[in-house]
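Working notes for the structure below.
The values are calculated or read from the model by the stated rules, or taken from the named source; none is laboratory data. All values reported here derive from a predicted model rather than from experimental measurement. FYI the Cβ positions are ideal-geometry reconstructions off the backbone, even for glycines, and counts take in every protein chain you see.
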């Protein structure tokens, strides 16, 4: 999608130039416009009034529209927990939480750590471990208070666990083991996840994620909203010290409506797609941090650190930010050898569970969209082709807009980025 031009800003600029010219050279402008000659200052005043009327009308419309229509919500980062040792208590239970502009009852995480309580949320806290040498052990107690999520027939009873996706840690209980650790309803479990202490080596630094992984029920529980971000170390300080201190934006992309009925429909869609890959599929809604089409204001020329995780159950995302310079510096918790410029004409594929970290530098004032380029392999990972082939072959399928906006351009050097996709579902 092409970026929108700041028309109002251009209108004001052109008007100002015309007023300046007519005030200095009234006779010349009269000859060009056919208007009767007036004294310079009167001519300039009348011109200013004429030029101001459309602007004032436009301003009135811009002010009135939010009163009668729905405006995109402001972007919000997930809450943050700086883990430095001790026990982090988490619980999963059904709660009424905001999702995509509405309130939905679903199974979500809440947390308590160091005297602070984090309310149940579709976007649970980011757990950040800055140094695995000084903090060599993560202790997390998980309490299972879930309601059923349509997969009880698989196990005979509802249980959950927790997987530390991407961590290079021991699979031996009570660490990261997804086959032997089963937390039944009403029970709790204390995870003790030690980070290997190897001389001359350290745990990869970057973005990881946590989510339930009971085989046969993982997708249903993740669809409910049970997934969040883990961050290890300080990637910028270690690899790009010149960017230390820039603003960090954490984006959790999640697909599907977080209800058992909606998940069952999605499950049926997957089975139908497997039976006939050419059949049309219903695209689920993708939210960013549980928000539908949120808006983010960025300062022109000021770099931002985007950490984007596709932490939903099923959707593939082909990430692109047309018109904005973005440089990939880490993928799936592993730093790249150097910055890789994001080619938004092709996109960057994020399968479910994948993460990408990038430096985003807004170059000009305007409105820009974070989008997912639509491809045949976007859903369920089938029919994989390179982005170029997918786009050319399926040219009638337009780009899926992860975000939309119109913004009133101003004299300030700001640009607006909208960060969500509103689709059927």
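How about region 324-338: which of its residues are under 18 Å from residue 204 (Cβ atoms), in contact (Cβ under 8 Å) with a residue 24 or more places away in the chain and out of contact with any helix residue (DSSP H, G or I) (no Cβ under 7 Å at 6 or more places or on another chain)? If the condition is that a residue be under 18 Å from residue 204 (Cβ atoms), in contact (Cβ under 8 Å) with a residue 24 or more places away in the chain and out of contact with any helix residue (DSSP H, G or I) (no Cβ under 7 Å at 6 or more places or on another chain), then 328, 331, 332, 333, 334 are the ones that fit.
For residue 132, the conditions (1) surrounded by 20 or more Cβ atoms within 10 Å (Cβ to Cβ); (2) in a strand (DSSP E or B); (3) over 26 Å from the mean Cα position of the chain (by Cα) all hold with the exception of (2). Tell me, yes or no, whether region 90-104 has at least one residue that is in contact with a helix residue (DSSP H, G or I) (Cβ under 8 Å, 6 or more places away or on another chain) and in contact (Cβ under 8 Å) with a residue 40 or more places away in the chain. No, region 90-104 has no match at all. Answer with yes or no whether residue 147 is touching a strand residue (DSSP E or B) at 6+ places or on another chain (Cβ under 6 Å), surrounded by fewer than 16 Cβ atoms within 10 Å (Cβ to Cβ), in a loop (DSSP other than H, G, I, E, B) and in contact (Cβ under 8 Å) with a residue 24 or more places away in the chain. Judged against the criteria, residue 147 is a match. For region 337-347, taking the residues that are in contact with a strand residue (DSSP E or B) (Cβ under 6 Å, 6 or more places away or on another chain) and surrounded by fewer than 18 Cβ atoms within 10 Å (Cβ to Cβ), the one that is farthest from residue 129 (Cα to Cα) is identified as 341. Among the criteria (1) at pLDDT 95 or above; (2) over 28 Å from the mean Cα position of the chain (by Cα); (3) in a loop (DSSP other than H, G, I, E, B), the one residue 167 does not fulfil is (2). When restricted to residues that are under 30 Å from residue 237 (Cβ atoms), surrounded by 18 or more Cβ atoms within 10 Å (Cβ to Cβ) and touching a residue at least 40 places away in the same chain (Cβ under 8 Å), region 158-192 contains 7. For region 92-103, the set of residues classified as assigned to a strand (DSSP E or B) and under 20 Å from the mean Cα position of the chain (by Cα) consists of 97, 98, 99, 102, 103, listed by residue number.
Only one entry in 117, 112, 84 is in a strand (DSSP E or B), at pLDDT 95 or above and exposed (fewer than 15 other Cβ atoms within 10 Å of the Cβ), namely 117.
Looking across region 268-285, the residues that are touching a residue at least 12 places away in the same chain (Cβ under 8 Å) and either more than 21 Å from residue 99 (Cβ to Cβ) or surrounded by 17 or more Cβ atoms within 10 Å (Cβ to Cβ) (or both) come down to 269, 270, 273, 274, 277, 281, 283, 284, 285.
Answer yes if at least one residue in region 304-324 is under 30 Å from residue 259 (Cα atoms), modelled with pLDDT under 85 and crowded, with 20+ Cβ neighbours inside 10 Å, and no otherwise. For region 304-324, residues under 30 Å from residue 259 (Cα atoms), modelled with pLDDT under 85 and crowded, with 20+ Cβ neighbours inside 10 Å: absent.
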